[in-house]
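The values are calculated or read from the model by the stated rules, or taken from the named source; none is laboratory data. Predicted, not measured: the structure shown is a model, and the values here were computed from it. No Cβ is skipped: glycine too gets one built from the backbone with ideal geometry, and neighbour counts run over all protein chains shown.
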């Protein structure tokens, strides 16, 4: 069953003469993991943000579970589809506030057939990711980059999204903790066949470990001089 369908998405940055990518069309099935690849600056991060509605698109449409994503249903869509950025920012000053927010949002959703994670489940997940003694009273911006990545991952997964879009989620982690994230995501898919994952990684070793279907964004990049996406960062992992 197709969970996400992208039809001819095009994005032209403000002030640019041509698109970063155009006529992007692909689908993601339930239970599937897809790796989105392409050279740095090809617009992978922007595409994920456009799918979830954080960036505007110039043309095209998105369908989720057979329904077109519109301004009227975008709020519910964003709680079923979560984007995890490689450089997460705080949504509140303290760690505990960052982790409480998705629990509250998830509990407020109506018509869902699942509940958000509890605080105890969040703590267990942080322990699983190598942060058993994390002080929840600390400021989020005082954490190391790797700590912020793991806290933000738990924050995003708390609402148990159906589609998890991961933008270099292990870029700042050591191999042990990167593998823990990978194992969790595989298990997350196995738990529920209706879930799917789109993953951006610049690590060829990680791509091989994930053993997923690859989609190369380069096929939708206009010919000629390679465009540059200013905000997209490369990983050295």
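Name every residue in segment 29-39 that is within 14 Å of residue 185 (Cβ to Cβ) and assigned to a strand (DSSP E or B), in order of residue number.
33, 34, 35 - these are the residues of segment 29-39 that are within 14 Å of residue 185 (Cβ to Cβ) and assigned to a strand (DSSP E or B).
Looking only at segment 86-106, decide whether some residue is surrounded by 14 or more Cβ atoms within 10 Å (Cβ to Cβ), under 29 Å from residue 3 (Cβ atoms), at pLDDT below 95 and touching a strand residue (DSSP E or B) at 6+ places or on another chain (Cβ under 7 Å).
Yes, that holds for at least one residue.
Can you pull out the residues in segment 40-73 that are in a helix (DSSP H, G or I) and either loosely packed, with under 14 Cβ neighbours inside 10 Å or touching a helix residue (DSSP H, G or I) at 6+ places or on another chain (Cβ under 7 Å) (or both)?
44, 47, 52
Conditions tested, residue by residue: (1) at pLDDT 95 or above; (2) under 18 Å from the mean Cα position of the chain (by Cα); (3) farther than 21 Å from residue 150 by Cβ.
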site	(1), (2), (3)
170	yes, yes, no
173	yes, yes, no
184	yes, yes, no
188	yes, yes, no
199	yes, yes, no
217	yes, yes, yes
221	no, no, yes
224	no, no, yes
228	no, no, yes
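Could you check, for segment 178-190, whether at least one of its residues is surrounded by fewer than 19 Cβ atoms within 10 Å (Cβ to Cβ), in contact with a strand residue (DSSP E or B) (Cβ under 8 Å, 6 or more places away or on another chain) and not in a helix (DSSP H, G or I)?
So far as segment 178-190 goes, no, none of its residues is surrounded by fewer than 19 Cβ atoms within 10 Å (Cβ to Cβ), in contact with a strand residue (DSSP E or B) (Cβ under 8 Å, 6 or more places away or on another chain) and not in a helix (DSSP H, G or I).
Condition check ((1) modelled with pLDDT under 95; (2) buried (at least 20 other Cβ atoms within 10 Å of the Cβ); (3) under 20 Å from the mean Cα position of the chain (by Cα); (4) at positive phi) across all residues:
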site	(1), (2), (3), (4)
116	yes, yes, yes, no
119	no, no, no, no
123	no, no, no, no
127	no, no, no, no
131	no, no, no, no
135	no, no, no, no
142	no, no, no, no
150	no, yes, yes, no
154	no, yes, yes, no
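Would you pick out the residues in segment 1-18 that are under 20 Å from residue 42 (Cα atoms) and either touching a helix residue (DSSP H, G or I) at 6+ places or on another chain (Cβ under 6 Å) or not in a loop (DSSP other than H, G, I, E, B) (or both)?
6, 7, 8, 9, 10, 11
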